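For reference, the structure discussed in these notes is given below.
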Amino acid sequence: MQNQAVKLLPTERVRFCLRHRVDATKGIEVRYNQKREQAHYSNVQRCGSVWTCPICSAQISEGRRQELKQGMEYWQGLGDWKETGGGVYLLTLTNPHHQGDNLVQLLEGQKKALHRFWTLRKSREMFKALGKVGHITATEVTHGVNGWHPHYHILLFFKKPINSKSLRNFLATCWQNCCEKSGLKVPSLEHGCDLRDGKYADKYVSKWGLADEVTKGHIKKGKEGSATPWDLLRQSEEGCEQSGRLFQVFAEAFKGKRQLSWSKGLKSLLKVDEVTDEQLAEVTEKDSVEVDILAMELWRLILRYKSRADYLKAKEHDMKFGSERADNLIMALAERYTKDYVHELMANADLHNVRYHALATP
């Protein structure tokens, strides 16, 4: 999938991710985590893109999920409000959309509507009366028969549990008003606003995998015929040109946007550290060990035949069962190279080692 993203976005940072070295004086390190039984590359650059790189996105999104989980657990019994237990609720805001609507314009309109939503006197007074201390906002988008469908998932933090049904009815009216004043199509009271209680908020934040509502909305599988950005990328890889164009539109519209937006002071209140996307993407597992160093001619061979994942799977099998799949893969690629690029091989002094091994293969 990352290879397809590079093909669709040839000028974006993802084109360097897990391809180029961090330290040009060293080779590509292969490390193995014994607990997880997984191998990964080290001394390779990471793009840190949560929207366009499926590899960095998975790591960043998991880091953000852990932040949310930590913050919610602290607030709901381990923090300053432990006598009563703070309340956390999931608010979802959306508005009507149709085929042909411009994604950038939809996002700009929703941004204006959300700003009005927080600054509206009625909503501010209501939130203050209920003891709201902060919120976390995530933007999600899917594409379906009615075109682009951007919407917000928002975690609301209160000093104590509230009547979510009454607040939902109140906020639905406020959201209608904000959408109208921002030039958006006005949603119905039933479908424009949804508010779930703390048990539901706990459930989705605690989940692992592709179904997290807040941090992994753009990763999960679409529902009822809709497609997430990663669905579009998969479909593009399978040959759908329209899906490829839609993914390019998505990438341009979300470029530079934050995955999560925390209200001022909330991270400090919930004892959550400030960490950038790039830092999360570059985290190296401390309990992994170096098991191999790939010379650059071998790394170029792996890149040429798009075998980065295949090599890691082979190395994992070798570590678990004592096999030699990784070496066999390199030999197979080298032999294939001598047949596919014989003229280039003879002229390229850097690949003498590859040629030697290939010619020595019976």
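The values are calculated or read from the model by the stated rules, or taken from the named source; none is laboratory data. Predicted, not measured: the structure shown is a model, and the values here were computed from it. Methodologically, a virtual Cβ is constructed for each residue, glycine included, from the backbone with ideal geometry; neighbour enumeration extends over all protein chains shown. Surface areas here come from the heavy atoms of the whole protein model, side chains and all, with no ligands, DNA or RNA. Shrake-Rupley method; radii C 1.70, N 1.55, O 1.52, S 1.80 Å.
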Which pairs turn up if I take residues in the stretch 181-196 that are within 24 Å of Gly87 (Cα to Cα) and look for partners that are small (Gly, Ala, Ser) and open to solvent by 20 Å² or more (accessible area, probe 1.4 Å) with beta carbon separation below 9 Å, at least 6 apart in sequence or on another chain? Leu195/Ser164; Arg196/Ser164
Considering the stretch 224-239, residues that are surrounded by 15 or more Cβ atoms within 10 Å (Cβ to Cβ) and part of a loop (DSSP other than H, G, I, E, B), and then whichever is modelled with the highest pLDDT, we arrive at Thr228
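Find the residue count for the stretch 240-265, including only residues that are open to solvent by 60 Å² or more (accessible area, probe 1.4 Å) and farther than 17 Å from Thr139 by Cβ. Break it down stepwise before answering.
Of the residues in the stretch 240-265, the ones open to solvent by 60 Å² or more (accessible area, probe 1.4 Å) are 241-242, 245, 248-249, 252, 255-258, 264.
Filter again for farther than 17 Å from Thr139 by Cβ, leaving 241-242, 245, 248, 264.
So the answer is 5.
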Which residues, counting only those in the stretch 14-73, are of a type in the set (S, T, N, Q), surrounded by fewer than 20 Cβ atoms within 10 Å (Cβ to Cβ) and either farther than 21 Å from Asp292 by Cα or touching a helix residue (DSSP H, G or I) at 6+ places or on another chain (Cβ under 7 Å) (or both)? Gln38, Gln45, Gln59, Gln66, Gln70
Which ranges mark the helices (runs of 4 or more DSSP H) fully within the stretch 266-334 that have 2 or more residues being at pLDDT below 90, hydrophobic (A, V, I, L, M, F, W, C) and open to solvent by less than 60 Å² (accessible area, probe 1.4 Å)? 277-281
State yes or no: is Ala24 farther than 22 Å from Ala326 by Cα and in contact with a Pro (Cβ under 8 Å, 6 or more places away or on another chain)? no
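Checking the conditions here, which among Glu140, Glu108, Glu125 is open to solvent by 20 Å² or more (accessible area, probe 1.4 Å), within 22 Å of the chain's Cα centre (by Cα) and acidic (Asp, Glu)? Even if it seems obvious, please write down each step before you answer.
Values: Glu140 fails: open to solvent by 20 Å² or more (accessible area, probe 1.4 Å); Glu125 fails: within 22 Å of the chain's Cα centre (by Cα).
Only one candidate qualifies: Glu108.
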Going through the stretch 171-190 one residue at a time, which ones are open to solvent by less than 50 Å² (accessible area, probe 1.4 Å) and among the small types (Gly, Ala, Ser)? Ala172, Ser182
